[in-house]
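Step one of this worksheet: look at the structure below.
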Amino acid sequence: MKRLTLAAQSPNEARLRRWIGSGWLLPFFLEGVSGALRLLPSSAAMQSAAQAETFHCAAGLLMFSDPLPVLGLMADCPALPGVSTEDNAWYWRYFSQQLSPQLAGLFEFLQPAEEQEKPDITLRLEVSLGEERAGTLLSLSWATLRQFTQFAGWQRQSMPLNPELPLQLPLTVGKLQLSTGFARALAVGDLLMPTEAFFSPEGLGVMPLARRQFQVQLELASETTHRGLLHITFSEELTMTYPNAPLEYHEQQDGEDVVPAGEWQTTRGSFDDLALDLTIRCGNLQLTLGELQQLDTGSTVLVQHVAPGEALLCHGNSLLAKGELVDVNGTLGFQVTRMLRQTGTAMEPV
C-alpha cells in the first residue's frame, strides 16, 4: 500500500492562513478622498526575485509584481521606478511622509530594497482611491505577515450571500431523548411526550432561528395543498442556534413498510444505553435568505410538506418514524403511526 504523504504545515503557518481567510480591508483617507487597501488570498505561484521588485517596510520585506500603480495611490506623491540610491534616498523618505496616516500606521515607511529573502506566501494587494484602482501580487514571509496581523485597523473582507438564496429550515415542534434500545423497540401506537415542546396543541409556539426567537401561530395546511402558514406575533434577540437540517420532501415520503421491532436487533455488542437526541418535525419553512433577514412581527412564512396533524420523528437528519400530533391534557404529544425500515445496525441517513 502506498503511503500517503501530506504537505507539512507549522502551527504558525496554519494560524496565518486562517487569519487571511477571505481577506482583509483597511480603509484610509488621502487629502480628503476615501480609499481602501485590500489584502486578499491568491492562487498565483510564488514570485521569484527576478519577477518582483522588493521594498522595505517596518514589518519586513515586501515583493511586488507591479508596485508603482498601487504605491501611487497610497501617498500624496508618485512613486519612483528603480532602486533606492544615495541620490534618491531623500525622495523615499519624503514619499513615506506623504503616506496616508492610516497606511503610515501599517507600513511606517516604504523604500526600495536590494536584499532578498525567500517568501513564504503570495497574496493579492489591491488599492482604491476614489474612482482609481490598482492591484499587484504581494509575496512576503510569515514573519512579515505576522507583523501585519498586529495592526488594529483591519476589517474582515466578507463575501455577502445572495439574498435570493433559497432556504429550507425544519419546523421543530418538540425535542426528546431516548436510549438506542428504547428507540429500537418503538412500535405503531406508542406515544412519545417531548421533554422540550415548542408548540401547544392549539398551534401557538416559539421558533428559534439563529440568534432570534419568534413567537408564532401555526395555521395548518389543508388536505390538498400540503402547505401551512406560520404567523409571527413577536420576535426577540437570543444567543442560541437552530441546529437541525431540513429533510427533503421526497425523503419524508419514501419510508418502507412497518418492520417488527425484532428485526432491528443488532448482532454485535449492545449499545442499548446510548442516548439519542430526537426531534419532532412538522414540515419545512420555505423562504429566501433575504426574507429570513427581514422576518419580524407581522410576517407570515410558508410551511411546506406538512399534512394536518402529521409529524416526523428524526435523529439528526435520519427519519425514524411518522406519526400524529395529539393533545395530551393540553400538552403536545407524538403518536407513532408508521415505523420506517432501517438496514443493518445503523439508522440509514435520508
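The values are calculated or read from the model by the stated rules, or taken from the named source; none is laboratory data. This structure is a prediction, so every number in the text was calculated from the model and none was measured. Here the Cβ is made from the backbone with ideal geometry for all residues, glycine too, and neighbour counts use every protein chain on show.
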In region 269-281, is there at least one residue being small (Gly, Ala, Ser), closer than 19 Å to residue 315 by Cβ, in the same structural domain as residue 178 (by TED's automatic domain parsing) and at pLDDT 90 or above? yes
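Residues are listed down the side, and each one gets a yes or a no for (1) among the hydroxyl-bearing types (Ser, Thr, Tyr); (2) touching a residue at least 60 places away in the same chain (Cβ under 8 Å); (3) out of contact with any Ser or Thr (no Cβ under 8 Å at 6 or more places or on another chain):
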{"site": "6", "(1), (2), (3)": "no, no, yes"}
{"site": "11", "(1), (2), (3)": "no, no, yes"}
{"site": "21", "(1), (2), (3)": "no, yes, yes"}
{"site": "29", "(1), (2), (3)": "no, yes, no"}
{"site": "39", "(1), (2), (3)": "no, yes, yes"}
{"site": "62", "(1), (2), (3)": "no, yes, no"}
{"site": "68", "(1), (2), (3)": "no, no, yes"}
{"site": "75", "(1), (2), (3)": "no, no, no"}
{"site": "79", "(1), (2), (3)": "no, no, yes"}
Given the conditions (1) touching a strand residue (DSSP E or B) at 6+ places or on another chain (Cβ under 9 Å); (2) farther than 30 Å from residue 18 by Cβ, and given that residue 155 satisfies all but one, which numbered condition is not satisfied? (2)
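Matching residues to (1) touching a residue at least 40 places away in the same chain (Cβ under 8 Å); (2) among the polar types (S, T, N, Q):
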site	(1), (2)
157	yes, yes
168	yes, yes
171	yes, no
174	yes, no
179	yes, yes
187	yes, no
193	yes, no
199	yes, no
203	no, no
Qualifying residues in region 303-339 (those that are polar (S, T, N, Q) and assigned to a strand (DSSP E or B)) - the one nearest to residue 195 (Cα to Cα): 331
Determine whether region 125-138 contains at least one residue that is of a type in the set (S, T, N, Q), out of contact with any helix residue (DSSP H, G or I) (no Cβ under 6 Å at 6 or more places or on another chain) and either surrounded by 17 or more Cβ atoms within 10 Å (Cβ to Cβ) or closer than 18 Å to residue 77 by Cα (or both). yes
For residue 126, are the conditions met, namely being over 30 Å from residue 208 (Cα atoms) and within 30 Å of the chain's Cα centre (by Cα)? yes
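Restricting attention to region 1-43, report how many residues are hydroxyl-bearing (Ser, Thr, Tyr) and within 20 Å of residue 64 (Cα to Cα). Let's see the steps before the verdict.
Pass one, region 1-43, residues hydroxyl-bearing (Ser, Thr, Tyr): 5, 10, 22, 34, 42-43.
Right, trim to within 20 Å of residue 64 (Cα to Cα) and you get 42-43.
Final tally of qualifying residues: 2.
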Assess whether residue 75 counts as being surrounded by 18 or more Cβ atoms within 10 Å (Cβ to Cβ), of a type outside the set (Asp, Glu), over 35 Å from the mean Cα position of the chain (by Cα) and under 23 Å from residue 100 (Cβ atoms). yes
Can you find even one residue in region 88-95 that is of a type in the set (Gly, Ala, Ser) and surrounded by fewer than 19 Cβ atoms within 10 Å (Cβ to Cβ)? yes
Restricting region 149-179 to residues that are closer than 30 Å to residue 55 by Cβ, touching a Gly at 6+ places or on another chain (Cβ under 9 Å) and surrounded by 14 or more Cβ atoms within 10 Å (Cβ to Cβ), which is modelled with the lowest pLDDT? 157
Regarding region 131-140, can at least one residue be identified that is without any contact (Cβ under 8 Å) to a residue 60 or more places away in the chain and of a type in the set (Val, Ile, Thr)? no
